[in-house]
Amino acid sequence: MNTSIVKTRKIWLALLAVVAAFALALCMLSGCSSEKASDKTGDAVGENGKPVLTVAMELAYPPFETKDEAGKAEGLSVDFMQDFADKYGYDLKIENTAWDGLIPSLQTDKADCVISSMTITDERKEAVDFSDPYAMAQLAVLANANSGIEKASDLNQAGKKVVVKTGSTGDVWATKNLPKADIVRLADESACVTEVVQGKADGFLYDQLTIYRNNLANPDTTKAVFIPFQDPEAWGIAVKKGDTELLDQLNEFIAQSKEDGEFDRLTEKYLAEEKKAFDEYDFKWFFDFE
């Protein structure tokens with residue numbers, strides 16, 4: 001073999017050895033390994049040097065999760081998670097996610113947690129872990145003014161059309177308790193409200209706040225049937241199965257928020273008028289944990 005070629009190969013092999021040794025040194029300093037260190041998106045580092053906490057929510061339920069005119073996430077849940085991120089040193093990132101994609105976003109590591117006015121249910125607990133409750137809610141009925149509906153059970157008759165948001169607890173309750181009614185499942189609450197307002201449906205089952213607000217917006221065509229026909233439902237923050245570190249932090253923050261006035265501050269900012277109305281109706285408030 002040509003002597004110059006041999007020398008050239010030796011030089012290249014030496015260079016490769018130096019590069020490999022340098023890469024190994026960097027890896028040892030940074031603590032990397034041949035395996036992925038963690039699946040959490042929170043392991044990413046934001047521009048401010050803090051770990052990124054990616055939170056998925058459906059920005060379609062004001063004032064808890066919604067968007068401003070510029071399309072930026074805002075609402076009670078957004079503030080709550082920002083306060084959490086500030087306390088625990090995270091850089092908060094909100095991902096607007098369709099309702100049926102919220103739990104999958106955890107399972108596919110696209111989000112670290114989900115807060116989206118989501119009720120804790122046994123079925124959901126099979127897929128994710130939930131924090132302690134951070135809010136309580138009850139269902140109600142938005143009835144068409146001419147439907148003759150006075151109580152929830154009035155919907156359980158042949159010929160009555162009930163609209164529900166697909167996958168919501170209203171959907172679950174209607175499926176279980178209204179076997180005689182025609183149940184129509186729609187993708188979002190605004191479509192359900194429209195059906196009732198236009199007289200195409202007799203009733204819409206959803207949480208009391210949504211029903212209260214839509215009745216105020218449509219007083220001539222709807223009426224609110226506020227009947228506590230079920231126990232209050234607990235809303236929780238969902239995390240990926242086994243993520244005990246984040247879950248412990250969330251539970252600690254929720255417990256602290258119940259003591260330090262965090263929920264009172266958020267109520268005053270986002271729900272002051274609704275709180276007055278709920279008190280007048282003697283409804284259980286979202287942040288009444290007794």
* Structure fact -> Checked D91, D109, D132 against criteria (at pLDDT 95 or above, over 10 Å from the mean Cα position of the chain (by Cα) and open to solvent by 50 Å² or more (accessible area, probe 1.4 Å)); the one match is D132
* Asked: Is it the case that the range 117-124 has a residue that's open to solvent by 30 Å² or more (accessible area, probe 1.4 Å), at pLDDT 95 or above, farther than 22 Å from K269 by Cβ and among the β-branched types (V, I, T)?
  -> yes
* May I ask you to verify whether A201 is at pLDDT 95 or above, surrounded by 14 or more Cβ atoms within 10 Å (Cβ to Cβ) and over 25 Å from the mean Cα position of the chain (by Cα)? => yes
* Asked: So which residues in the range 193-221 are hydrophobic (A, V, I, L, M, F, W, C) and either touching a residue at least 40 places away in the same chain (Cβ under 8 Å) or in a strand (DSSP E or B) (or both), if there are any at all?
  -> V193, V196, V197, A201, F204, L205, L209, I211
* Which residue pairs have Cβ atoms under 6 Å apart, sit 6 or more places apart or on different chains, and have a first residue in the range 158-171 that is assigned to a loop (DSSP other than H, G, I, E, B) and a second that is surrounded by 19 or more Cβ atoms within 10 Å (Cβ to Cβ)? -> K160/A181; K160/D202
* Structure fact -> Within the range 233-283, the residues that are at pLDDT below 95, surrounded by fewer than 17 Cβ atoms within 10 Å (Cβ to Cβ) and part of a loop (DSSP other than H, G, I, E, B) are D282
* Within the range 137-164, restricting attention to residues that are at pLDDT below 95 and not small (G, A, S), which residue is least open to solvent (accessible area, probe 1.4 Å)? -> L139
* With respect to D79, is the statement that it is under 28 Å from P51 (Cβ atoms) and either in contact with a Phe, Trp or Tyr (Cβ under 9 Å, 6 or more places away or on another chain) or of a type in the set (G, A, S) (or both) true? -> yes
* Return the total of residues in the range 245-262 being without any contact (Cβ under 8 Å) to a residue 40 or more places away in the chain and either of a type outside the set (G, A, S) or in contact with an Asp or Glu (Cβ under 6 Å, 6 or more places away or on another chain) (or both). => 7
* To do: Filter the range 68-84 for residues that are under 16 Å from C113 (Cβ atoms) and surrounded by fewer than 20 Cβ atoms within 10 Å (Cβ to Cβ) and give the result.
  => D79, Q82, D83
* Structure fact -> If we ask which residues in the range 94-106 are crowded, with 18+ Cβ neighbours inside 10 Å, more than 24 Å from Q256 (Cα to Cα) and of a type in the set (A, V, I, L, M), their number turns out to be 3
* Asked: If only one of I254, I211, I183 is of a type outside the set (K, R) and touching a Leu at 6+ places or on another chain (Cβ under 8 Å), which one is it?
  -> I211
* Asked: Restricting the search to the range 143-184, which residues are closer than 28 Å to S116 by Cβ and of a type in the set (V, I, T)?
  -> V162, V163, V164, T166, T169, V172, T175, I183, V184
* Structure fact -> Restricting the range 165-177 to residues that are polar (S, T, N, Q) and within 19 Å of G101 (Cβ to Cβ), the one surrounded by the fewest Cβ atoms within 10 Å (Cβ to Cβ) turns out to be T166
* Does A224 satisfy being in a strand (DSSP E or B) and either open to solvent by less than 40 Å² (accessible area, probe 1.4 Å) or in contact with a helix residue (DSSP H, G or I) (Cβ under 6 Å, 6 or more places away or on another chain) (or both)? -> yes
* Asked: Of all residues in the range 205-222, which are over 18 Å from T119 (Cα atoms) and either at pLDDT 95 or above or of a type outside the set (D, E, K, R) (or both)?
  -> Y212, N214, N215, L216, A217, N218, P219, D220, T221, T222
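The values are calculated or read from the model by the stated rules, or taken from the named source; none is laboratory data. None of the values given here were measured: they were computed from a predicted structure. Neighbour counts are summed over all protein chains in view; Cβ atoms, including those assigned to glycine, are modelled from backbone coordinates with ideal geometry. For the accessible areas, the whole protein counts, side chains as well, though only heavy atoms, and no ligand, DNA or RNA atoms are used. Shrake-Rupley method; radii C 1.70, N 1.55, O 1.52, S 1.80 Å.
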